[in-house]
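Below is one structure, written out as structure tokens; comments come after it.
The values are calculated or read from the model by the stated rules, or taken from the named source; none is laboratory data. Bear in mind the structure is a predicted one, so any value in this text is a computation, not a measurement. A quick note on method: Cβ atoms are made from the backbone with ideal geometry, for glycine too, and the neighbour counts reach across all protein chains shown.
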Amino acid sequence: MRHPSGFSLIEVLIALFVVTVVSFAAVTTMVSSIRHNADNRVRSQAVAASEAWMDRFRSRSLPFNYFTTARTFDYGYGYTGDPVFTASGDPNLSEIASEWGRFKFVVDTQLYSSAPIVWRVRVTGYFKKRGGEGHVELVSLVRQ
């Protein structure tokens, strides 16, 4: 009596089903990872832009008193026409406008100490991400 060689139709269908389930799980995981990485990349850029705001306060190129009332800079804000940034003498206003235009910022300062003069500076950067809006908040004490 001869045994048939090869796989039966049922064995092939079961193998196809197992491969499909494993492939679906792998693709779902990869897509989720790609989306998560994109959100993290935008968040990292928002942190860098918020740090650039802080650097301007640390270098004392922005007037602390102007921000004692919280100022909002919406998405797409035109920094090149802003008198505070123009007066600060920043040579790269068009570069700032293109980099920071993707984010929204709320910036405020508060006098922390008068002798020596120390300000509490808070920069909240908002960014658009999949499923909504995220934000980062940086707070620092800066000596004037």
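A few remarks follow.
- Any pair with Cβ under 8 angstrom, 6 or more apart, that starts in region 125-140 at a residue that is in contact (Cβ under 8 Å) with a residue 12 or more places away in the chain and among the hydrophobic types (A, V, I, L, M, F, W, C) and ends at one that is loosely packed, with under 11 Cβ neighbours inside 10 Å and part of a strand (DSSP E or B): PHE127/GLU133
- If you go through region 99-136 and keep only what is loosely packed, with under 12 Cβ neighbours inside 10 Å and either charged (D, E, K, R) or under 22 Å from ALA38 (Cβ atoms) (or both), you end up with ARG130, GLY131, GLY132, GLU133.
- Residue in region 30-42 that is assigned to a loop (DSSP other than H, G, I, E, B) and either touching a residue at least 24 places away in the same chain (Cβ under 8 Å) or touching a Pro at 6+ places or on another chain (Cβ under 8 Å) (or both) present: no
- Selection within region 59-81 - under 23 Å from the mean Cα position of the chain (by Cα) and either modelled with pLDDT of 90 or more or among the acidic types (Asp, Glu) (or both): PHE67, ALA70, ARG71, THR72, PHE73, ASP74, TYR75
- Test result for SER94, in contact with a Leu (Cβ under 9 Å, 6 or more places away or on another chain) and farther than 17 Å from LEU141 by Cα: no
- Restricting region 1-17 to residues that are surrounded by 10 or more Cβ atoms within 10 Å (Cβ to Cβ) and in a helix (DSSP H, G or I) leaves a set whose member that is farthest from the chain's Cα centre (by Cα) is GLU11.
- Hits in region 104-133 - residues which are in contact with a Ser or Thr (Cβ under 8 Å, 6 or more places away or on another chain) and farther than 22 Å from ARG60 by Cβ: LYS104
- Listed by first and then second residue, the pairs with beta-carbon distance under 6 Å, at least 6 apart or on different chains, first residue in region 95-113 and part of a strand (DSSP E or B), second of a type in the set (S, T, N, Q), are VAL106/THR72; VAL106/THR124; THR109/THR68.
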